[in-house]
Structures are given as C-alpha cells and as structure tokens.
1. I'd like the residue in the stretch 241-262 that is touching a helix residue (DSSP H, G or I) at 6+ places or on another chain (Cβ under 9 Å) and either within 13 Å of residue 340 (Cα to Cα) or basic (Lys, Arg) (or both) and, out of all such residues, is surrounded by the most Cβ atoms within 10 Å (Cβ to Cβ).
2. Quick check on my filter: what residues within the stretch 318-368 are among the polar types (S, T, N, Q), part of a loop (DSSP other than H, G, I, E, B) and either more than 16 Å from the ligand (Cβ to nearest atom) or at pLDDT below 95 (or both)?
3. If we keep just the residues of the stretch 192-212 that are over 21 Å from the mean Cα position of the chain (by Cα) and touching a residue at least 60 places away in the same chain (Cβ under 8 Å), which is nearest to the ligand (Cβ to nearest atom)?
4. Quick check: anything in the stretch 119-126 in contact with a Leu (Cβ under 7 Å, 6 or more places away or on another chain), without any contact (Cβ under 8 Å) to a residue 60 or more places away in the chain, under 27 Å from residue 218 (Cβ atoms) and not β-branched (Val, Ile, Thr)?
5. If you take the residues of the stretch 46-65 that are assigned to a loop (DSSP other than H, G, I, E, B) and touching a Phe, Trp or Tyr at 6+ places or on another chain (Cβ under 8 Å), which of them is modelled with the lowest pLDDT?
6. Which residues, counting only those in the stretch 196-216, are part of a helix (DSSP H, G or I), surrounded by 15 or more Cβ atoms within 10 Å (Cβ to Cβ) and not hydrophobic (A, V, I, L, M, F, W, C)?
7. State which residue is nearest to the chain's Cα centre (by Cα) when the search covers only the stretch 71-82 and only residues that are away from the ligand (no atom under 16 Å from the Cβ) and part of a helix (DSSP H, G or I).
8. Being buried (at least 20 other Cβ atoms within 10 Å of the Cβ), away from the ligand (no atom under 13 Å from the Cβ) and outside the structural domain of residue 341 (by TED's automatic domain parsing) narrows it down to one residue among 7, 31; which is it?
Amino acid sequence: MPKAQETVLEIDLKALKHNFDHLKSRLHSNTKFMAVVKAFAYGSDACNIANYLQNLPVNYFAVAFVHEGISLRKAGITKPILVLHPQAANFNILIENCLEPSIYNAKILKEFIAIASAEKQSDYPIHIKFNTGLNRLGFSEQDVDTVISQVKSTSSVKITSVFSHLAASEDLNERDFTINQIETFKRITENITKQIGYKPLLHLCNTSGILNYPEAHFDMVRSGIGLYGFGNSEKENKNFKPIGTLKTIISQIHAIEKGQSVGYNRAFKTDAFLRTATLPIGHADGIGRQYGKGKGYVIINNQRAYILGNVCMDMIMVDVTSIDCNEGDEVIVFGPHATAENLALTANTISYELITGISQRVKRLFLQ
Ligand SMILES: *Cc1c(COP(=O)(O)O)cnc(C)c1O
C-alpha cells in the first residue's frame, strides 16, 4: 500500500469481496442478495462499489433516494435498483431511470399508480414495505386489503417484493421482539400471496438479521454494513474486513510550552511541555467536533495520538509528545486494525455514522 501524501480514503476491493463471500456463506444457495449502497455506499463510493458488486454478482441494489439511483444508472449499473424512500415528486424520473420504488403508504401507492398509468407502464415493479415494529416507514398489517385492492385495480404495477425491516437485529436481548417481527411478517406475506395470486419476493433481514436470524432470510436479504466490513458484534466482526482505511499525514509539528493553549477558543491548555502534530483533516471531512477534547484519537507509528482541543473545519491537532514522528509521516484515522467502530465509540456513536460522514472532499483510492 502506498504511503499517504494527503488525506485519502483507501478502499480495499479484495476486502469487499471477502465480506460478500462471507455473507453469501451464511445464506442458503438460492437466497438472493441485495447490496445496500445508499449514502455513497456507506461513505465509500457508490458507483465504483456497485460496479464491482454487480459482477460478483449481487441480484439487486438498494439506495435511499431517487437521485442516488440515477447516479448508479449513469455509472452503468444495469441490475434492478430498489429506492427505499422515494418521494412522489421524483416518480417520473424514477420511472425514466427504471428504478423500483418502495411503496410505504396508501398516499404514495395511489400517486405512483397514477403516474405509472399516465406513463403507460404495465406491470411496473413495486416493492411493498410493511411496518412490523420499527415504526418508521411502512403499511400496517391492517392495510393489506387496501393494498391488494388498489394493486388489483390496475395493470400498470406489479408487486415484485414485499418487505419489512428489523428494529433490533443486532441486539440479542431483543430476541423476543425480533421473533415477533418475523412472525408478523410471515402472517402479512402469507395473506398477500394468497390474495394476489402470484409469489412476490419476500425480504426482511439486514446484515445483523442475516447473521442472527438464519430462519428469517426468506427469498432475499439486504446487506449494507456487512459488505463494508462490520458485523455489529465482537464475535461477528472477526468474520469481516473493514474495506476503508482513512489516512492522512502530519503537516506540522509544534513544541508547546507549559501554559500555552492549542486551537480555537483555547479549548486545550497545557501545564507541561507538549509536542503536537497538525493534520489536514477536520469536521468538514467527517471528523466531527464530538471527537475533540481528548476523546478521539488517530494512530501514528502504531501509537494513539489523542485529539487536542476543538476539531477545526480542515484540521485537527493531536498529542505526539511520546510518539517518535516527523512532519510528512503517515497517520491512520481508522482502518482494519484501529477500526471505525472503535473510533466511533469514543464519541458515543456507531460505525455507520462515522463512515457515512466521510465527506466527498476526501479523495478515494481503490486498491484492487
Ligand atoms: C440501510 C438499510 C439496510 C441495510 O442495513 P445494514 O444494517 O447496513 O445491513 C437494509 N434495509 C433497509 C430498509 C435499510 O434502510
């Protein structure tokens, strides 16, 4: 791996393949795989990642919003793309780009049927989302008859899949709750399948669902975080390899005398001699202010260098008093060893938030 000469997010496609293979090994051979590449493939790079995954091959892609799906189409993704949270204002361009909407309430079902009919579509693939306990998006169990009668009243759409989302699949203390979600999903989908007269694809599990509830894989699973290298538990993390390594360099080293301060608002004051390193990465790159004031750290020469004072927009200053290092040296913010999950914990958050927050300003470098 080349030494960093600026802030760069290295993306290891071999690790991505490893994670995909591991997830597949946990599935029945005919269970379909939907790769969730929303939010720039969790802060990496949606187009390159999707192009790589398309050939592995995955069966489906998922994004959150219509414009994310359009970017994938522009990048040459031809596989089906589910849009998890489309808005009616974008239904025309959704259809133009052959994206498939998640339909989560009666209002948007009606709006989508109207637009699909006006555009002279027939059997346009839609995915019906049910709420089974997350209480975020989705029809409720009582809505099944409404959904069926609306869909049966037109030839412009066809239910390609029926799905729901688990609220606490990574938390084994919530096992009873999850089992109840699975049972509810089974009841709903049996009812739908009976009434609609054909068999839509059924899917429920995200990454932790795949790992913890093998009995609930149904016809397809949806994985995001697992592909990017996190299993949401110490045990499962061993089976995955984080694909991203965020690196930067030391721009300048300062000797700070007793009584001086470091950074904005003099948030750090020292009562002893100190060596600090200034790094070209800040909150505009995704290292939020919550990592400042001694909470977060980076790795220099295999040692932790804690962030001093406030995180700036484009820089952080770290404590290198006891680290042998020079200006120009490489710095690891997170990677396969000092993981994003551990760094996220220092600021009371989760890997998902840290990695999806790495801004588009940071250069991406792909390792084959
Ligand atoms: C984001 C998302 C996923 C992926 O979840 P992971 O925990 O990252 O595997 C799956 N399904 C839905 C509905 C989502 O919003």
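1. 243
2. Narrowing the stretch 318-368 to residues among the polar types (S, T, N, Q): 321-322, 326, 339, 342, 346, 348-349, 351, 356, 359-360, 368.
Right, trim to part of a loop (DSSP other than H, G, I, E, B) and you get 321-322, 326, 339, 348-349, 359-360, 368.
Answer for the stretch 318-368, where residues must be among the polar types (S, T, N, Q), part of a loop (DSSP other than H, G, I, E, B) and either more than 16 Å from the ligand (Cβ to nearest atom) or at pLDDT below 95 (or both): 321, 322, 326, 348, 359, 360, 368.
3. From the stretch 192-212, those over 21 Å from the mean Cα position of the chain (by Cα) are 192-202; that's our starting set.
Right, trim to touching a residue at least 60 places away in the same chain (Cβ under 8 Å) and you get 192, 200-201.
Details: 192: 18, 200: 16, 201: 14 Å.
Of everything passing the filter in the stretch 192-212, 201 is nearest to the ligand (Cβ to nearest atom).
4. As a first pass, look at the stretch 119-126 and keep what is in contact with a Leu (Cβ under 7 Å, 6 or more places away or on another chain): none.
The answer is no, given that none of the residues of the stretch 119-126 is in contact with a Leu (Cβ under 7 Å, 6 or more places away or on another chain), without any contact (Cβ under 8 Å) to a residue 60 or more places away in the chain, under 27 Å from residue 218 (Cβ atoms) and not β-branched (Val, Ile, Thr).
5. Keep residues of the stretch 46-65 that are assigned to a loop (DSSP other than H, G, I, E, B), which gives 55-59, 64-65.
Next, only the ones that are touching a Phe, Trp or Tyr at 6+ places or on another chain (Cβ under 8 Å) stay: 56, 58-59.
Values: 56: 94, 58: 97, 59: 98.
Ranking the candidates gives 56 first.
6. 207, 208, 209, 212
7. Taking the stretch 71-82 as the starting set, the residues that turn out to be away from the ligand (no atom under 16 Å from the Cβ) are 71, 73-79.
Subset that is part of a helix (DSSP H, G or I): 71, 73-74.
Numbers: 71: 17, 73: 19, 74: 21 Å.
Among them, the one singled out is 71.
8. Details: 31 fails: buried (at least 20 other Cβ atoms within 10 Å of the Cβ).
Residue meeting the stated conditions: 7.
The values are calculated or read from the model by the stated rules, or taken from the named source; none is laboratory data. The shown structure was predicted, so the numbers you read here are calculated from the model rather than taken from an experiment. For neighbour counting, all protein chains shown are included, and Cβ atoms are generated from backbone atoms with ideal geometry for every residue, glycine included.
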